[in-house]
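Have a look at the structure below, then the notes.
The values are calculated or read from the model by the stated rules, or taken from the named source; none is laboratory data. Predicted model only: the values in this text are computed from it and were never measured. Don't worry about glycine lacking a Cβ; one is built from the backbone with ideal geometry, like all the others, and counts go over all protein chains shown.
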Amino acid sequence: MSVKLTTRQVGDVTVVDVAGRITLGEGSATVRDAMRDMVSKSQKKILLNLGEVSYIDSSGIGELVSGFTTVTNSGGALKLLNLNKRVKDLLQITKLYTVFDVHDDEASAIRSFN
Amino acid sequence: MQENASHKPEEVEQFLESTLESVDAAEELAVGMAQRAGLDEDELMKVGMAIRESMVNAVVHGNRYNANKKVRFSVSTDTERLVVQVGDEGEGFDFNSIPDPLAPENLMRTSGRGIFLIRSFMDDFQMRHLENGGTEVTLVKNLVSK
């Protein structure tokens, strides 16, 4: 399995549950396409739940950055939820941890959009 | 890191197709050897990622997915070190041209973190130009704490 995305709405926040591997190829492309789709539909509040992400490489990190920039430039906000140690360590090493708004609890993450 | 005194040295050399499947295969092979050599889960993750990034560079940037070009991949372990070499048949590049992904002007770039992550995760990392114009990288992970 590469990556599986499940989208749900919690009020006006789009929560995307991401499971699997966000690596160069199918995984990163799927995340990229999903981000573009949401932006094209003017979804302004996007919460990526990365709790079930088993692996992410530098391409996957790049897609998170790209999504963040695209959503932000369109007037929206993209936030991250449930980072496991691997993803958290990568974001910290690459100095991106403080760029993203990262949450450990979905309810508080949803509230933070308002 | 666990010192594995009973670890039997291993050495593998392969010539792989320039595909993303080769990236997966190389990572899996090397992580298996690293595990048998006694590296713990955290170190295995780091080694796996470093090898993945090296292979992606060779396949994507070096050989550009060219079906006529191969990636030379070798892994060896002894009692002290795991050594990985990845060589491509590309045109090479200026090693001094690699931008710093941590520089403020580069932080939000969508690419350019691969070599930085390799250096972060391995104990030693070297690059050299090959006579045929390609690039070879050597990654070293110490198996015994120094």
Determine if the stretch B:82-96 includes at least one residue that is outside any strand (DSSP E or B), of a type in the set (A, V, I, L, M) and at pLDDT 95 or above. no
Would you check if residue B:59 is in contact with a strand residue (DSSP E or B) (Cβ under 7 Å, 6 or more places away or on another chain), in contact (Cβ under 8 Å) with a residue 24 or more places away in the chain, more than 14 Å from chain A (Cβ to nearest Cβ) and on the phi < 0 side of the Ramachandran plot? no
Residue in the stretch A:91-99 that is of a type outside the set (A, V, I, L, M), in contact (Cβ under 8 Å) with a residue 12 or more places away in the chain and more than 17 Å from residue B:102 (Cα to Cα) present: no
Please list, ordered by residue number, the strands (runs of 3 or more DSSP E) wholly in the stretch A:8-93 having 2 or more residues that are over 10 Å from the mean Cα position of the chain (by Cα) and farther than 22 Å from residue B:116 by Cα. A:13-22, A:45-56
For residue B:52, state whether it is within 11 Å of chain A (Cβ to nearest Cβ), out of contact with any Leu (no Cβ under 6 Å at 6 or more places or on another chain) and at pLDDT 95 or above. yes
Just wondering, is there one or more residues in the stretch B:61-80 that are under 22 Å from residue A:95 (Cβ atoms) and part of a helix (DSSP H, G or I)? no
If a residue must be assigned to a loop (DSSP other than H, G, I, E, B) and surrounded by 17 or more Cβ atoms within 10 Å (Cβ to Cβ), how many such residues does the stretch B:112-125 contain? 2
Evaluation of residue B:76 against (1) exposed (fewer than 14 other Cβ atoms within 10 Å of the Cβ); (2) touching a helix residue (DSSP H, G or I) at 6+ places or on another chain (Cβ under 9 Å) (one fails), failing number: (1)
